[in-house]
Amino acid sequence: MFLEKEGKAGALVILVLLFIFLFLSLYTISIIIFICLLIWLKLFSTRVILPSQPENIIAPINGVIKDIKTDSNFHTIYIKTKNSSRIYAPFDLSEAKVSEIHGFSLFYGDENIKPILNENTTLKANYFANSCVKSMEISIYPTFFKSANLTISRSNPNFLDKIGFLNFGLLVIRLDSKESLAVAIGDSLKGGVSPLLKQDHKKDSNEDQSTLHTA
């Protein structure tokens, strides 16, 4: 497990308070603060996945799929975060840009209204798959911690690079609707692991036939 930079300042403050109350021999309060420290570390820690060659679009974060909407352009997948912090690049991305809209952080409220009033950050990028360039959007709607973010150190993040952070809230990812989804409403996702789209077996089949003709 790895403590994300977004949680280091808070962990340091809690740790200092713990030592102060231990020094004052206030052990009951010290125990409470120690429990708070453990909870904080749990909320802001992430397992780091070793980079590999991307074979599919994967879930950028841990969570549960609350809704899926499809139109002529995009599959829009709504993911409620679960045991989350790090947001992974779901594929090798290019021309990535981040925009932010300020608003509220609504923990309660109508699920249709919250995305409208909530502050949100959106990453737009391209990726290359099936011999063509496709577009992708990732938006986050935090409902608690202000440390939530979508940030990129360069415009071409690699597969599984960290591109953001979100503890509590909603992540929405939009993918090309011409692709077939490998997930459904209610599915649990593992960030950096769970595929969102089905593999293109047609390409593999054509390659197999070419191999047979060559033989």
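Every number in this text was worked out from the coordinates using simple rules, so none of it is lab data. Not measured: the values here are computed from a predicted model. Neighbour counts run over all protein chains shown; Cβ positions are idealised from the backbone, glycine included.
The table for this structure:
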quantity: 13 Å beta-carbon shell around Asp92, net charge (K/R +1, D/E -1); calculated: -1
quantity: Packing-based order for 19-30, 88-99, using average beta carbon neighbours within 10 Å, highest first; calculated: 88-99, 19-30
quantity: For the stretch 2-46, diffusion coefficient by Stokes-Einstein and Kirkwood Rh (Cα), 4 °C, 1.567 mPa s, µm²/s; calculated: 122
quantity: Using distinct alpha-carbon pairs, which all enter the 1/r mean, Kirkwood radius of the stretch 63-198 in Å; calculated: 15.1
